[in-house]
Amino acid sequence: MLNDAINFHQIQRVLVTKLRHHGDVLLTSPVFSVLKKHYPHLKLDALVYHETGEMLTLHPAIDDVFTIDRAWKKGGLFKQVKSELALLKKLQAQNYDLLIHLTEHWRGLYLKRLLKLPFAVTQIYARRPGRYWRKTFTHHYPAPLNARHTVEKNLDALRRLGLYPQTEDCGLVLIPGAAAEKRIETLMQEYGLISKEFVQLNPASRWFYKTWDGQKTSALIDRLEESGKRVVVTAAPAEQELELVKRILSNTKSAPVNLSGLLNLKELAALIAQARCLVGVDSVPMHIAAAMSTPVVALFGPSNDILWAPWQVRHQVISSKQRPCRPCAQHGCGGGGWSDCLNDIAVDEVFAAVDHLTTGISQKLNDSQ
């Protein structure tokens, strides 16, 4: 269908780069699955930031995950250059034929040239209008004119090369691994948790303007516990998130299981896989739940749910109907870190969504799959 479509039978090694945050990296996982299903002979590698590597390690379609540690800069110029050259040497040894560059990061341009790749594809970015950028990549695809889910935008790179994914092949993939699953099995026994009989609540995001009102979160926990639903609270080990959980739990009458700060990303995935439902905001646990096929109640404020909603999983997105300004993608109203559109959401609405996804009793909400 394309005059310049790539003959993948002549391609042996592919490097996919996604230099963004945890959720962004997880949303690239279908790219590897689709490539491997259509062309099993391909050797597929990923290049991501060090802290996001666990989003892709153990993916059955990925051979190697190479990482860039942003802490290299803190060691001084000599250490940074030494580390960068060591990484470049490893990548050069792979003899890649194709680069799939899924961000506007300048590193894609350098890799295309330094690795002497015959083919490279990237999106056309408004921030990269220069001829040098356009001439470096052999294939470009346009940014969508309307909002389009991030997974679909990632898969557009394959479409531009002449590979057209089928919907059933495009699910998210995250493999916790045996060690993580064993740790969660032990914790569940310790706290008396039964698989698929607890609701997991992850109230925080690394971006606090995406975080729901703490007092409402406390009230939701009590409502869920009073209704007979066991609640497990999780959060990242970041000080800000742990302080938020501490404030939330100090205002609850009930005593949910608190595993905040105790789990790494693989263990978090293993726990989410055992939950009946995940309740949270627009953050990486929401995407992990989609990868683990766990239903999600997702609260959205300034961020765009068309771009970031839970992918291919039973879910309910809740957002304010009173604020025509959303989604604004701002760091809170007026840049103040507090998002009225998110904090308009009522406890009753979230509770009803959880009830609907966990028991099917409520008929007022519709599934959003």
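Here, each number is a calculation from the coordinates, and none is a lab measurement. Model, not experiment: these values are computed from the prediction. Note: ideal-geometry Cβ built from the backbone for every residue, glycine included; neighbour counts use all protein chains shown.
For every other residue with a beta carbon closer than 10 angstrom to the beta carbon of Leu307, add +1 if it is Lys or Arg and -1 if Asp or Glu, then tell me the sum.
Details: positive: Arg148, Lys153; negative: Glu152, Asp282, Asp305.
Every neighbour counted, the sum reads -1.
Calculate the all-directions average of the projected area of region 178-359's alpha-carbon convex hull, and give it in nm². Please list the in-between numbers first.
On the way: hull surface 38.4 nm².
The Cα convex hull of region 178-359, projected and averaged over all directions, gives 9.6 nm².
I need the shape label for region 195-295. Rule: rounded when a/c is under 1.5, else prolate if a/b > b/c, else oblate, with a, b, c from the alpha carbon gyration tensor.
Details: a/c = 1.58, a/b = 1.09, b/c = 1.45.
Here region 195-295 falls in the oblate category.
Out of residues 5 or more away from Asp69 or on other chains, whose amide H comes under 5 Å of its own, with H placed 1.01 Å from N in the peptide plane?
The answer is His50.
Highest first, please rank the peptides 33-40, 80-87 by the mean number of other Cβ atoms sitting within 10 Å of their residues. It would help to have the intermediate numbers written out before the result.
Details: 33-40: 16.9, 80-87: 13.2.
Descending packing order for the listed peptides: 33-40, 80-87.
For Arg13, enumerate residues with amide H under 5 Å from its amide H, sequence gap 5+ or separate chain, H modeled in the peptide plane.
So Arg13 has HN proximity to Lys43, Asp97, Leu98.
Below 14 angstrom from the Cβ of Gly75, what's the summed charge of the other residues (Lys, Arg +1; Asp, Glu -1)?
Working: positive: Arg70, Lys73, Lys74, Lys79, Lys82; negative: Asp69, Glu84.
Computed value for this residue: +3.
Determine the dipole magnitude for the chain: charges of +1 sit on the beta-carbon of Lys and Arg, -1 on that of Asp and Glu, nothing else is charged, the reference point is the Cα centre, and the result goes in debye to the nearest 20.
Working: 45 positive and 35 negative charges, 334 e Å.
In debye, rounded to 20, the chain gives about 1600.
Which of the listed residues, Leu242, Val25, Gln80, is farthest toward the dipole's positive end in the chain, when Lys, Arg count +1 and Asp, Glu count -1 at the beta-carbon?
With unit charges placed on the Cβ atoms, the residue in question is Gln80.
Which whole-Hz ³J(HN,Hα) couplings does region 157-171 yield from phi under the Karplus relation 6.51 cos²θ - 1.76 cosθ + 1.60, θ = phi - 60°, glycine and proline marked x?
4, 6, 4, 5, 8, x, 10, 10, x, 9, 3, 5, 9, 10, x
Using the Karplus equation 6.51 cos²θ - 1.76 cosθ + 1.60 (θ = phi - 60°), what ³J(HN,Hα) coupling, rounded to whole Hz, does each residue of region 90-102 give in order, writing x for Gly and Pro?
My calculation for region 90-102 gives 5, 5, 4, 5, 7, 6, 5, 9, 9, 10, 10, 9, 9 Hz in order.
What's the ranking of 100-107, 160-167 by average number of surrounding C-beta atoms within 10 Å, highest first?
Put in order of decreasing packing, that is 100-107, 160-167.
Going by average Cβ density within 10 Å per residue, which order do the peptides 43-50, 113-120 take, highest to lowest? Before the final figure, lay out each step's value.
On the way: 43-50: 20.5, 113-120: 15.8.
In decreasing order of mean packing, 43-50, 113-120 become 43-50, 113-120.
Using the Karplus curve 6.51 cos²θ - 1.76 cosθ + 1.60 with θ = phi - 60°, work out ³J(HN,Hα) for each residue of region 331-342 in order, rounded to whole Hz, and write x for Gly and Pro.
Once θ is set to phi - 60°, the couplings for region 331-342 become 7, x, 4, x, x, x, x, 10, 9, 4, 4, 7 Hz.
Pulled fully out, how much extra length does the chain show between Glu104 and Ile124, if you take 0.36 nm times their separation in residues and subtract their Cα-Cα distance? If you can, show how the numbers build up before the last one.
On the way: separation 20, 0.36 × 20 = 7.20 nm, distance 0.85 nm.
Gain on extension, Glu104 to Ile124, equals 6.4 nm.
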